[in-house]
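Reading through the structure tokens given below for one structure.
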Amino acid sequence: MSKNDIKVALIGNPNTGKTSLFNQLTGLNQKVGNYPGITVDKKEGVSKLSSTQNAVITDLPGTYSINPTSLDESIVLKTLLKKDIATSPDVILVVADVENLKRNLLLFSQIKDLEIPTVLAINMVDQMVKKGISIDLTALEKELNTEVVLISARKNQGIQEVKEAIIRCYVTAKASPLCGINHQIDPDYFDALKKISPNYSLYELWLMVTQNNFPDTISSKEKEQLLEFKKDVSKLKKYQHKETIYRYQEINKILKKTYIVDKTKATDLRSRLDKIFTHKIFGYVFFVFLLLLIFQSIFDWASFPMDFIDGTFAKLSNYVKSNLPAGVFTDLLTEGIIPGIGGVLIFIPQIAILFMFIAILEETGYMSRVVFLMDKIMRRFGMNGKSIIPLISGTACAIPAIMATRTISSWKERLITILVTPFTTCSARLPVYAILIALIIPNKKIFGFLNLQGLVLLFLYALGFATAILAAYILNKTLKIKSKSFFVVEMPNYKLPSVKNVFFEVVEKTKSFVFEAGKIILALSIVLWFLASNGPSSFDNAEKNTIENVANQNLSDDELQQKIASAKLENSYIGILGKTIEPTIKPLGYDWKIGIALITSFAAREVFVGTLATIYSVEADDEDTSTIKQKMASEINIDTGKNRFNFPVGMSLMVFYAFAMQCMATLAIVKRETKTWKWPLIQLFGMGLLAYISSLITYQILS
Amino acid sequence: MSTIASLQIGEMGYISEEALDFIPLKLLEMGCLPGAEVKLVQIAPLKDPIYICVNGSHLAIRKETAAQIQILKS
Ligand SMILES: Nc1nc2c(ncn2[C@@H]2O[C@H](COP(=O)(O)OP(=O)(O)OP(=O)(O)O)[C@@H](O)[C@H]2O)c(=O)[nH]1
Ligand SMILES: [Mg+2]
């Protein structure tokens, strides 16, 4: 960022297209979606306004006014009240929705009163004809005393005009209040307030009083005087109400002259869809049906590309092995890295399908209907209707889901939601479930169309969700936190999902899944491979001892080689480590190799498959070309002589992964959002204990 | 005196001037103003929350909030 860059802040009501415009201006791909509260944090990007002028654009969470009631909204207030030349915005770009201009102008009028140069972008003008809206632009600009640009961020219209308007606004630096607040409410009161400091606009001083938010630049004497005004709370509240009414009166006057809606054009598609989606019975039936469809598709659509990827990696490993000179590096590549990476890449099809469904749900506006349907239920469990959004979007990843709780205004409800969100089956669990299900559940159709494997997967998702709810119930009863629950949610209009948004969402998320997992797996597989192919003196003697032990058993050469490889692995560092923990996990049905995979999974769950792939590759003989799944399927339990991954072990493992908190990144985010290590540690140990006990019970009952 | 909570689905009313002090600021800011016409669009399956349309905003609010806001039925 250079000194001459114009600092622009994007501010507006939720869901008006701020992020869409931000993406158009900066060329970035931030998340866009059709419900209020998608953006919950600041995001900066650079935009080339003209050949000589750049701007640093800040995208902000949406808010209905400058008076925040939740964390995401208070980020906006903080940005505006900062009196720091280096970071406070030069120009504010207010983004308004053309369909609900009246309400959008309330926030606009507050911003104008802060006396910061402002441009108004009225977005979604592609909808104007359909909704029968017409605007007298020249008159509106005059009334608002502001440059107004009509744009469509989705259709990329008016973006150039916005850029030009920003430059003009910056150059003229025209800033004047729109309504002012002292006129009608209580002139004496506000005159006294204004006298406190000449450095701030009256509205800024008023906000400091009402929001209890003082910039560093204010002197202690001034602050003392301001605090004096805070004493009469009921008066403050009354004046805030009056202020809002007064603003709406002014806005109505302006819009009467400039904004016309032809009511006959209004379609009732929205109300007809709402009748179905929020219906007493159909509402829930549709919701369950939708979930069923998603899980069926995850299995049905993905199986072909998955088999393809799996086979390709087995071949690649083989090809590398036969074309590179034999040696340590080749072994590392073919036994550690390639199977490890393949163990993640194979799940791209399933994960992309899941991400696609979530993106489509978010883009249609259906999410807010689910919030509406679920509020009463969630409230019984100490959460809020809005908690359903983290619980659903947590199926992709818990990290953005935990960030999304910022829209919940009650701290207790928010904390409970943060604590239980990791129970939601995230995409990192999908690889573990998918491979285990494929091993232990027959690929059958029941009732002719329901895929049994898909059904088991659905059950695991349901298990995660049910546990989250139950945990919330317990937390609600035990946590002694008082905070007022409040619930107002805007129901957005239904929209056809934009193909471009869905596409980028899927690509971005899949990419970050692969790269995040890839990094960890790459590192871990190198470490694992090293630990598996080296060991103390017993490791060096393993070959000799094995040959001596089986000398009189008349084994074929292949069988002998296999025995030697196993003995070596067991005496390697990793084998010794695994054997040490084996007694703890044996009651759950696991051997030491699975134990190693459990440990590495605490970095990230998706490492499970890759770890097993690496361990089994080291053990396998050199001509082995089988895929990961085949290797797992043919793994033998030496105690029973039967398959290692039988039904009880598979179920016990899935239950373990359903409950255990095996994700360092999530723990770090929980620490950041709750500002203490207490909660992430409670999650780690609480969920770990639950996982251990449940898996123990599952295995003991089933076997 | 009737409140928003007592509306039937599809029924309309006007928010009464006396309601001002009982409307939470957030709702006021979202367009729930005295004198404005409110329509009850839908009631959630478990009878709470409710879905209203006021001043062009479509909002879901809880019954307890709705019960504080007095209206004149039209
Ligand atoms: N028809 C139409 N839809 C648009 C336009 N711009 C954005 N949208 C859609 O409006 C919805 C909201 O867009 P976002 O960019 O996420 O809105 P936002 O203001 O950043 O929302 P929050 O971050 O939740 O405050 C998305 O579904 C967009 O596809 C437009 O010009 N026309
Ligand atoms: Mg946004």
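Consider residue A:100 carefully, then state whether it is under 24 Å from residue A:141 (Cα atoms), within 16 Å of ligand 2 (Cβ to nearest atom) and not assigned by TED's automatic domain parsing to the domain that holds residue A:412.
Considered against the rule, which asks whether it is under 24 Å from residue A:141 (Cα atoms), within 16 Å of ligand 2 (Cβ to nearest atom) and not assigned by TED's automatic domain parsing to the domain that holds residue A:412, residue A:100 comes out as no.
Looking only at residues that are of a type in the set (Phe, Trp, Tyr) and at pLDDT below 85 in segment A:430-467, which one is surrounded by the fewest Cβ atoms within 10 Å (Cβ to Cβ)? Show your work before the answer.
If we filter segment A:430-467 for residues that are of a type in the set (Phe, Trp, Tyr), which is where we start, we get A:433, A:447, A:449, A:459, A:461, A:465.
Now drop any that are not at pLDDT below 85, which leaves A:447, A:449.
Working: A:447: 5, A:449: 7.
Here the answer is A:447.
In the same structural domain as residue A:97 (by TED's automatic domain parsing), over 20 Å from residue A:90 (Cβ atoms) and either more than 13 Å from ligand 1 (Cβ to nearest atom) or within 20 Å of the chain's Cα centre (by Cα) (or both): does that describe residue A:34? Give the derivation first.
Details: in the same structural domain as residue A:97 (by TED's automatic domain parsing): yes; over 20 Å from residue A:90 (Cβ atoms): yes; either more than 13 Å from ligand 1 (Cβ to nearest atom) or within 20 Å of the chain's Cα centre (by Cα) (or both): yes.
Considered against the rule, which asks whether it is in the same structural domain as residue A:97 (by TED's automatic domain parsing), over 20 Å from residue A:90 (Cβ atoms) and either more than 13 Å from ligand 1 (Cβ to nearest atom) or within 20 Å of the chain's Cα centre (by Cα) (or both), residue A:34 comes out as yes.
Looking at B:69, B:43, which one is touching a strand residue (DSSP E or B) at 6+ places or on another chain (Cβ under 8 Å), in contact (Cβ under 8 Å) with a residue 40 or more places away in the chain and among the β-branched types (Val, Ile, Thr)? First the steps, then the outcome.
Working: B:43 fails: in contact (Cβ under 8 Å) with a residue 40 or more places away in the chain.
None of the others qualify; the one that does is B:69.
Give me the residue from segment A:40-73 that is under 19 Å from residue A:669 (Cα atoms) and more than 13 Å from ligand 2 (Cβ to nearest atom) and, out of that set, nearest to the other protein chains (Cβ to nearest Cβ).
A:70
Name the residues in segment A:362-398 that are under 17 Å from the mean Cα position of the chain (by Cα), more than 9 Å from every other protein chain (Cβ to nearest Cβ), in a helix (DSSP H, G or I) and in contact (Cβ under 8 Å) with a residue 24 or more places away in the chain, would you?
A:362, A:363, A:367, A:386, A:387, A:389, A:390, A:391, A:392, A:393, A:398
Filter segment B:7-26 down to residues that are in contact (Cβ under 8 Å) with a residue 40 or more places away in the chain and either away from chain A (no Cβ under 13 Å) or not aromatic (Phe, Trp, Tyr) (or both), then give me how many there are. Walk me through how you get there before you give the answer.
So the first thing to find is which residues in segment B:7-26 are in contact (Cβ under 8 Å) with a residue 40 or more places away in the chain, and the list is B:7, B:11-16, B:18-19, B:22-24.
This time we only want the ones that are either away from chain A (no Cβ under 13 Å) or not aromatic (Phe, Trp, Tyr) (or both), so: B:7, B:11-16, B:18-19, B:23-24.
Number of matching residues: 11.
Could you tell me which of the residues A:99, A:73 is farther than 17 Å from residue A:120 by Cβ and either part of a helix (DSSP H, G or I) or in contact with a Pro (Cβ under 9 Å, 6 or more places away or on another chain) (or both)?
Values: A:99 fails: farther than 17 Å from residue A:120 by Cβ.
From the options A:99, A:73, the qualifying one is A:73.
As an exercise: evaluate residue B:37 against (1) more than 9 Å from chain A (Cβ to nearest Cβ); (2) farther than 26 Å from residue A:62 by Cα and give the number of the one condition it does not meet.
Going through the list (1) more than 9 Å from chain A (Cβ to nearest Cβ); (2) farther than 26 Å from residue A:62 by Cα, residue B:37 breaks only (2).
Could you please find all residues in segment A:81-90 being surrounded by fewer than 22 Cβ atoms within 10 Å (Cβ to Cβ), touching a helix residue (DSSP H, G or I) at 6+ places or on another chain (Cβ under 9 Å) and of a type outside the set (Asp, Glu)? Working first, answer last.
Taking segment A:81-90 first, the residues surrounded by fewer than 22 Cβ atoms within 10 Å (Cβ to Cβ) are A:81-88, A:90.
Now narrow it down to the ones that are touching a helix residue (DSSP H, G or I) at 6+ places or on another chain (Cβ under 9 Å): A:81, A:83, A:87-88, A:90.
Selection gives A:81, A:83, A:87, A:88.
Quick one: which strands (runs of 3 or more DSSP E) lie wholly within chain B and hold at least 3 residues that are touching a Lys or Arg at 6+ places or on another chain (Cβ under 7 Å)?
On the way: elements: B:12-15, B:37-43, B:50-54, B:57-61, B:71-73.
Answer list for chain B: B:50-54.
With at pLDDT 95 or above and out of contact with any Pro (no Cβ under 9 Å at 6 or more places or on another chain) as the only criterion, which of A:693, A:636 stands out?
A:693
For the subset of segment A:1-15 comprising residues that are over 20 Å from the mean Cα position of the chain (by Cα) and crowded, with 21+ Cβ neighbours inside 10 Å, which member is farthest from ligand 1 (Cβ to nearest atom)?
Taking segment A:1-15 first, the residues over 20 Å from the mean Cα position of the chain (by Cα) are A:1-13.
Going one step further and asking which of them are crowded, with 21+ Cβ neighbours inside 10 Å, we end up with A:8-13.
On the way: A:8: 15, A:9: 13, A:10: 8, A:11: 10, A:12: 6, A:13: 7 Å.
My answer is A:8.
Of the numbered conditions (1) within 14 Å of ligand 1 (Cβ to nearest atom); (2) free of Cβ contacts under 8 Å to residues at least 12 places away in the same chain, residue A:142 fails exactly one; give the number of that condition.
Among (1) within 14 Å of ligand 1 (Cβ to nearest atom); (2) free of Cβ contacts under 8 Å to residues at least 12 places away in the same chain, the lone unmet condition for residue A:142 is (1).
Out of (1) within 12 Å of ligand 2 (Cβ to nearest atom); (2) farther than 21 Å from residue A:171 by Cα, what's the single condition that is false for residue A:29?
Of the numbered conditions (1) within 12 Å of ligand 2 (Cβ to nearest atom); (2) farther than 21 Å from residue A:171 by Cα, the odd one out for residue A:29 is (1).
Residue-by-condition table, conditions (1) touching a Ser or Thr at 6+ places or on another chain (Cβ under 6 Å); (2) of a type in the set (Lys, Arg); (3) within 17 Å of residue A:692 (Cα to Cα):
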{"site": "A:552", "(1), (2), (3)": "no, no, no"}
{"site": "A:560", "(1), (2), (3)": "no, no, no"}
{"site": "A:567", "(1), (2), (3)": "yes, no, no"}
{"site": "A:575", "(1), (2), (3)": "no, no, no"}
{"site": "A:595", "(1), (2), (3)": "no, no, yes"}
{"site": "A:601", "(1), (2), (3)": "no, no, yes"}
{"site": "A:606", "(1), (2), (3)": "no, no, no"}
{"site": "A:609", "(1), (2), (3)": "no, no, no"}
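Restricting attention to segment A:119-132, report how many residues are surrounded by fewer than 19 Cβ atoms within 10 Å (Cβ to Cβ), more than 9 Å from ligand 1 (Cβ to nearest atom) and under 18 Å from residue A:17 (Cα atoms).
So the first thing to find is which residues in segment A:119-132 are surrounded by fewer than 19 Cβ atoms within 10 Å (Cβ to Cβ), and the list is A:126-132.
Keeping just the survivors that are more than 9 Å from ligand 1 (Cβ to nearest atom) gives A:128-132.
From what is left, the residues that are under 18 Å from residue A:17 (Cα atoms) are A:128, A:131.
Number satisfying all stated conditions: 2.
Of all residues in segment A:664-703, which are under 26 Å from residue A:590 (Cβ atoms), in a helix (DSSP H, G or I) and of a type in the set (Gly, Ala, Ser)? So that I can check it myself, show each step before the final result.
Initial filter on segment A:664-703 (under 26 Å from residue A:590 (Cβ atoms)): A:664-667, A:680-703.
Restricting the remaining residues to those that are in a helix (DSSP H, G or I) gives A:664-667, A:680-702.
Within segment A:664-703, A:665, A:686, A:688, A:691, A:694, A:695 meet the criteria.
If you check every pair at least six apart or on different chains, which have Cβ atoms under 9 Å apart with a residue in segment A:210-225 that is assigned to a loop (DSSP other than H, G, I, E, B) first and a residue that is exposed (fewer than 11 other Cβ atoms within 10 Å of the Cβ) second?
Close Cβ pairs satisfying both conditions: A:215/A:84; A:216/A:84; A:217/A:84.
With the structure loaded, tell me whether residue A:23 is of a type in the set (S, T, N, Q), in contact with a Gly (Cβ under 6 Å, 6 or more places away or on another chain) and not assigned by TED's automatic domain parsing to the domain that holds residue A:390 or whether it fails that test. Lay out the reasoning, then the answer.
Working: of a type in the set (S, T, N, Q): yes; in contact with a Gly (Cβ under 6 Å, 6 or more places away or on another chain): no; not assigned by TED's automatic domain parsing to the domain that holds residue A:390: yes.
So residue A:23 does not fit the description; no.
Working only within segment B:52-74, note down all residues that are in contact with a Leu (Cβ under 8 Å, 6 or more places away or on another chain), closer than 16 Å to residue A:379 by Cβ and facing chain A (nearest Cβ under 7 Å).
B:61
Is it true that some residue in segment A:39-56 is within 14 Å of ligand 1 (Cβ to nearest atom), closer than 18 Å to residue A:119 by Cβ and free of Cβ contacts under 8 Å to residues at least 40 places away in the same chain? Walk me through it before giving the result.
Residues of segment A:39-56 that are within 14 Å of ligand 1 (Cβ to nearest atom), as a first pass: A:39-43, A:45.
Among the residues that remain, those that are also closer than 18 Å to residue A:119 by Cβ are: A:45.
Next cut, free of Cβ contacts under 8 Å to residues at least 40 places away in the same chain only: A:45.
Yes: segment A:39-56 contains one or more residues that are within 14 Å of ligand 1 (Cβ to nearest atom), closer than 18 Å to residue A:119 by Cβ and free of Cβ contacts under 8 Å to residues at least 40 places away in the same chain.
Considering each of A:28, A:21, A:77 in turn, give the residue that is more than 10 Å from ligand 1 (Cβ to nearest atom) and away from chain B (no Cβ under 14 Å).
Details: A:21 fails: more than 10 Å from ligand 1 (Cβ to nearest atom); A:77 fails: away from chain B (no Cβ under 14 Å).
Matching residue, one of A:28, A:21, A:77: A:28.
The values are calculated or read from the model by the stated rules, or taken from the named source; none is laboratory data. Since this is a predicted model, take the numbers as computed values, not measurements. With ideal geometry, Cβ positions are generated from the backbone for all residues, glycine too; neighbour counts draw on all protein chains shown.
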